[in-house]
Amino acid sequence: MIIAVGGWLAYGGAEALPGFATLAKTPTTDSLSAAFSMCDGSHRANCVVDGDTFWFEGEKIRIADIDTPELSPPRCEAERIKGEAAKSRLLALLNAGKFSLAAGFRDEDKYGRKLRTVSRAGNSLGDVLIGEGLARSWDGARHGWC
């Protein structure tokens, strides 16, 4: 039984469990910071790709507890507009002060991005984006924004 569950999780089964990938120990202090900019062209150092993905210290980070509108490519103009707003807001949130990154049950997604919950003072920055209508809780599936 344990082997079967382990195999299921290793091949992406955890994506079917809402919130499972974000089970994480909350860091006690916020100690990370950088001057973030928007990613463009080959610039991939401390920059924001979209509303739920950014580069930090040479690693591509996917915020594990949210999903934001797609920008590459958006499916409609409304998705593009909301996606750009989420991207800009993530940039502002990351530049607003020190933060913490916490790994969950899975270290990486199938694209090699590090799955992390981003928090400041114990509060998820993903929850901020959700509260502002710029993101949804990650439930293991992509949903349209059109």
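Laid out as a table, the results:
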| quantity | calculated |
| --- | --- |
| Any hit, the stretch 74-94, residues being open to solvent by 20 Å² or more (accessible area, probe 1.4 Å), in contact (Cβ under 8 Å) with a residue 40 or more places away in the chain and assigned to a strand (DSSP E or B) | no |
| Tabulated pairs, the stretch 128-146, first closer than 18 Å to residue 117 by Cα, second open to solvent by 40 Å² or more (accessible area, probe 1.4 Å) and in a loop (DSSP other than H, G, I, E, B), C-beta under 6 angstrom, 6+ apart or interchain | 139/18 |
| Candidate set: the stretch 112-137, residues that are closer than 18 Å to residue 45 by Cα and not basic (Lys, Arg); chosen: the one most open to solvent (accessible area, probe 1.4 Å) | 112 |
| First in the stretch 99-118 and farther than 13 Å from residue 30 by Cα and modelled with pLDDT of 95 or more, second anywhere and surrounded by 15 or more Cβ atoms within 10 Å (Cβ to Cβ) and β-branched (Val, Ile, Thr), Cβ under 6 Å, 6 or more apart | 114/61; 116/61 |
| Residues of the stretch 99-111 classified as open to solvent by 40 Å² or more (accessible area, probe 1.4 Å) and under 17 Å from residue 129 (Cα atoms), total | 1 |
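The values are calculated or read from the model by the stated rules, or taken from the named source; none is laboratory data. Bear in mind the structure is a predicted one, so any value in this text is a computation, not a measurement. Please note: Cβ atoms are built from the backbone with ideal geometry, for glycine as well, and neighbour counts cover all protein chains shown. These area figures cover heavy atoms from the full protein model, side chains too; ligands, DNA and RNA do not enter into them. Shrake-Rupley method; radii C 1.70, N 1.55, O 1.52, S 1.80 Å.
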